[in-house]
Structures are given as structure tokens and as C-alpha cells.
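The values are calculated or read from the model by the stated rules, or taken from the named source; none is laboratory data. No experiment lies behind these values; they were computed from the predicted model shown. A quick note on method: Cβ atoms are made from the backbone with ideal geometry, for glycine too, and the neighbour counts reach across all protein chains shown. Surface areas here come from the heavy atoms of the whole protein model, side chains and all, with no ligands, DNA or RNA. Shrake-Rupley method; radii C 1.70, N 1.55, O 1.52, S 1.80 Å.
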Amino acid sequence: MSQNPIGLFDSGIGGTSIWKEVVKLLPYENTIYLADSKNAPYGEKSTDEIVALSIKNTEFLISKGCKLIIVACNTATTNSIDYLRTNYPIPFIGIEPAIKPAALFSKTGAIGILATKGTLTSKLFEKTANEYTKTITTIKQDGAGLVPLIEAGKLNSVEVKALLEKYLKPMLQFDIDHLVLGCTHYPYLIPQIKKIVGESVKIIDSGEAVAKQTKAILEKHELSTILSNSGKHSFYINTNKTVLEEILKDVSINFIVAELNF
């Protein structure tokens, strides 16, 4: 079981930002990544739809022998993680917006959160936000339209720049000093975001924290690999694989990408 792969799924290619951090920390682990790009973005779907898609993704990864699953999607985590943990026997790692560190370390008393509608309206998000932001100003913004553009490979497009300026500039009027990225697609926009918010705003995503939590859970359940050679990595996507391959072009380790009718 320890040599079985770690599974990851997302509503597309965004969760590869999490995958990169996991592989960096755990280079000997095998991984399988499922990109459900055909159904992106999850953030515009109902809770029932998100849970159904998460079940489908989970059962695919379990059929591939995954020993642990990372729900590499904020929207899927906040809407379905409790169901998955209750109904499947393997450990699950979820992705939540990193509200806690932003709130704790804010000097101006104001933080921004850029996330999908599905995350911002979830009960889990509300619970976390209420716990850590009682004494600070929180500017929440639905990043509508960003995920489809990223999925289309338009990271540096005029459309992305226009949306980011529309969403982020109003936050700056509240003197935010931390910006929480509440979608695993958004780290790929950090270069453009920095041009808008400047160096005084710290941008926080969940990748490194998720990798550390994955390592801890593997050790807790005695599931860490005993191999000492580089892991094998497989990616599956249910749309054209070109954009996924482009996102992975800076990855130096070996991997395979396959299109899947899923």
C-alpha cells in the first residue's frame, strides 16, 4: 500500500499548483492527477453537483489504487470533503483558503480574499472566516471568469488583466496587506497580480501547507513510500491536453499526460 500513488483531483488544471508543491516535498511518491476540465469551473455549480463530481473523481482515483486523495480544489473541498471522508476508507487532504495566516499576520487589519462563488458561499468557508476575521476587515471577491480563461491557456491575456484589475483595485482602497488566493488556479496568475497590488501586499496560497499536511498524514497512517527513486507521475484530463502540457512545461521530472473520456 505504501508504494501506491497519491491521488489529486481538481476542476481542471489549477490543482497542478498543489501537485508541484507535493512533488517538491515528497519526490519519491508516485502520483495520479485527474483534471476534470470538462466540468470547470466548479465554482458556478450547486452543492449537489459539486458533491456528485467529487464522488466520480474520487472513485476514479480509488480504482487506480490511490492510497490518499488530495482534493486539489477549494470549491470541491469546501462543499464535499465531509462527505468524502465519511464514505471512503482512505485519508483525504482538503484545500481551504489560507485565511488564518493572513488574519494573524495582518498589520493593517485588512485582508483580501479572491475565490470562486462556490467557495465563498460554502459553510466551511463561512465557519473559517468567522473564526479568524472577527477583528479585521475582510474584502471578499468572486473571481468569476478567471478559471475559464486559465483553462483556455490565456494566462497573460488582456481579458485576465482586465478582470484582475476590476477585482483587485477596489481591495487596495481598504489598505489590505494580505491577499488570499482561494482557488488553486489562481497561483498561475501571481505575476499579473503582483503588478496590480505591488510588493506591500503579501500573496498567500495553500500549496506548501497542503504538501506539509500530506507528508504528516502519510506518516501518521504509515503510508509513506519505502522507495528511494523518483516517483512516477500520471495526468489524466477529459479535454484537450495541450493547456495542461503547457502548464507542466517547467517540470523537470518524467510524467505522462493522457486524454480521458470521463
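Being over 30 Å from K140 (Cα atoms) and not in a loop (DSSP other than H, G, I, E, B) narrows it down to one of S252, S234, S224, so name that one. Checking each option against the conditions leaves just S234.
Looking at S206, is it more than 17 Å from the chain's Cα centre (by Cα) and not charged (D, E, K, R)? Reasoning before the result, please.
Values: more than 17 Å from the chain's Cα centre (by Cα): no; not charged (D, E, K, R): yes.
Considered against the rule, which asks whether it is more than 17 Å from the chain's Cα centre (by Cα) and not charged (D, E, K, R), S206 comes out as no.
Suppose we filter I55, I6 for residues that are of a type in the set (A, V, I, L, M) and free of Cβ contacts under 8 Å to residues at least 40 places away in the same chain; which single one remains?
Working: I6 fails: free of Cβ contacts under 8 Å to residues at least 40 places away in the same chain.
It is I55.
Open to solvent by 60 Å² or more (accessible area, probe 1.4 Å) and in contact with a Phe, Trp or Tyr (Cβ under 7 Å, 6 or more places away or on another chain), is that true of T121?
Spelling it out, it is not the case that T121 is open to solvent by 60 Å² or more (accessible area, probe 1.4 Å) and in contact with a Phe, Trp or Tyr (Cβ under 7 Å, 6 or more places away or on another chain).
Go through (1) among the hydroxyl-bearing types (S, T, Y); (2) under 19 Å from L227 (Cβ atoms); (3) touching a Pro at 6+ places or on another chain (Cβ under 9 Å) one by one and return the number of the condition S2 breaks. Going through (1) among the hydroxyl-bearing types (S, T, Y); (2) under 19 Å from L227 (Cβ atoms); (3) touching a Pro at 6+ places or on another chain (Cβ under 9 Å) one by one, S2 breaks only (3).
Pairs meeting the criteria (first residue in the stretch 128-147 and more than 18 Å from T77 (Cα to Cα), second residue open to solvent by 40 Å² or more (accessible area, probe 1.4 Å) and modelled with pLDDT under 95, beta carbons under 6 Å, at least 6 apart or on different chains) are Y132/K100. Filtered by the rule that a residue be in contact with a Phe, Trp or Tyr (Cβ under 6 Å, 6 or more places away or on another chain), closer than 12 Å to I6 by Cα and of a type outside the set (G, A, S), the stretch 214-234 gives T225, H233. Among residues of the stretch 213-231 being open to solvent by 60 Å² or more (accessible area, probe 1.4 Å) and small (G, A, S), the one that is nearest to G94 (Cα to Cα) is S230. Checking each residue in the stretch 1-47 for being over 13 Å from the mean Cα position of the chain (by Cα) and among the basic types (K, R) picks out K24, K38, K45.
Taking the stretch 185-212 as the range and being open to solvent by 90 Å² or more (accessible area, probe 1.4 Å), outside any loop (DSSP other than H, G, I, E, B) and either among the polar types (S, T, N, Q) or in contact (Cβ under 8 Å) with a residue 12 or more places away in the chain (or both) as the test, the residues that pass are K202, E208, K212. Inspect all residues belonging to the stretch 126-140 and state whether any of them is closer than 15 Å to V197 by Cβ and surrounded by 14 or more Cβ atoms within 10 Å (Cβ to Cβ). Within the stretch 126-140, one or more residues are closer than 15 Å to V197 by Cβ and surrounded by 14 or more Cβ atoms within 10 Å (Cβ to Cβ).
When you scan the stretch 32-47, do you find a residue that is open to solvent by less than 10 Å² (accessible area, probe 1.4 Å) and farther than 22 Å from D205 by Cα, even just one? No, every residue in the stretch 32-47 fails to be open to solvent by less than 10 Å² (accessible area, probe 1.4 Å) and farther than 22 Å from D205 by Cα.
Suppose we keep only residues that are assigned to a loop (DSSP other than H, G, I, E, B) and among the small types (G, A, S) within the stretch 51-103. Which one would you say is least open to solvent (accessible area, probe 1.4 Å)? Give the derivation first.
Initially, the stretch 51-103 is screened for residues assigned to a loop (DSSP other than H, G, I, E, B), giving 64-67, 72-73, 88-91, 94-98.
From the residues that got through so far, the ones that are among the small types (G, A, S) too are 65, 72, 94, 98.
Working: G65: 25, A72: 0, G94: 23, A98: 17 Å².
Of everything passing the filter in the stretch 51-103, A72 is least open to solvent (accessible area, probe 1.4 Å).
The set of residues in the stretch 233-262 that are within 20 Å of N57 (Cα to Cα) and open to solvent by 80 Å² or more (accessible area, probe 1.4 Å) comprises N240, I256, E259, N261.
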